[in-house]
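Here's the structure we're looking at; comments come further down.
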Amino acid sequence: MKKRHLLLSILIFISSVISAQVELTKDPEAKKVLDAVSEKISQNKNMKIKFSYTVKNRQNGHTDTQKGYVFLSGDKFKIIIPETEIISDGKSVWAYNKKDNEVTVTKNDTSEMSIFNPAKLFTAYKNGFKYLLIGEETIDGTKYDVVDLYPEDTENSPYSIIRLKINKATKQPYSVKTSGKSGIDYTFKIIKSDTNKEFPEKLFTFDKSKYPDDIEITDMR
């Protein structure tokens, strides 16, 4: 399902034509940067993130950008974007499509990365990826380290490249761009993040009574 594909797995990426002159290894300089941001994320109890989310279809040139919010607490999360609301209690995921008045329920596979979950994106390097420190980029006067991740299992992975930009001074995540074989690029950019927030448990619970009476629920668990 399109919404499921959009949510759980970051998700789909630029063609894997990587220069043959680059020997892909676990670059120790890149690891220093990634370890630092991983440590920074691990210190955050809960997070509220305001983000922009851009989908670019390289086949037809169409680009769409939306803004939204994501609330994170361990494996639990809630995502609010136009026409879509996604809730997980850590075990199941409820994806509500407002236009179709439909909810699809699936299991929450915590082994999968989500473009809406920077905590997983910025720790993905620990298993199944090679990484390379590409260099430094300055955006609006702020310097960012740029690190590319490449899947070790190129044949079975949907990923070609995941590009991370990390604030050089604070080690805070800034953006993630995923590219792959589907011809679609996804870019997740953090506009603002608040850490160590306190969230009520009901925030991560699907309450049918809060939705239209004629809502259609498809349980795929």
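Read the figures in this text as sums done on the coordinates, not as results from a lab. The model shown is predicted, which means the values in this text are computed figures rather than measured ones. Cβ atoms come from the backbone with ideal geometry, glycine included; neighbour counts cover every protein chain shown.
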Quiz item: With labels modelled as points extended 7 Å from the Cα through the Cβ direction, what inter-label distance (nm, one decimal) is found for L203 paired with K107?
Solution: 2.8
Quiz item: Ranked highest first by average number of other Cβ atoms within 10 Å, how do 161-168, 63-70 line up?
Solution: 161-168, 63-70
Quiz item: Shape call for segment 175-221 from the C-alpha gyration tensor, a ≥ b ≥ c root eigenvalues: rounded (a/c under 1.5), prolate (a/b greater than b/c) or oblate?
Solution: oblate
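If the only charges are +1 at each Lys and Arg Cβ and -1 at each Asp and Glu Cβ, what is the size of the charge dipole of segment 118-221 around the Cα centre, to the nearest 20 debye? The partial results should precede the final answer.
Numbers: 17 positive and 17 negative charges, 86 e Å.
Charge dipole of segment 118-221: 420 debye, to the nearest 20.
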Practice problem: Assuming a ≥ b ≥ c are the square roots of the Cα gyration tensor eigenvalues, decide whether segment 21-96 counts as rounded (a/c under 1.5), prolate (otherwise, with a/b larger than b/c) or oblate. | Solution: oblate
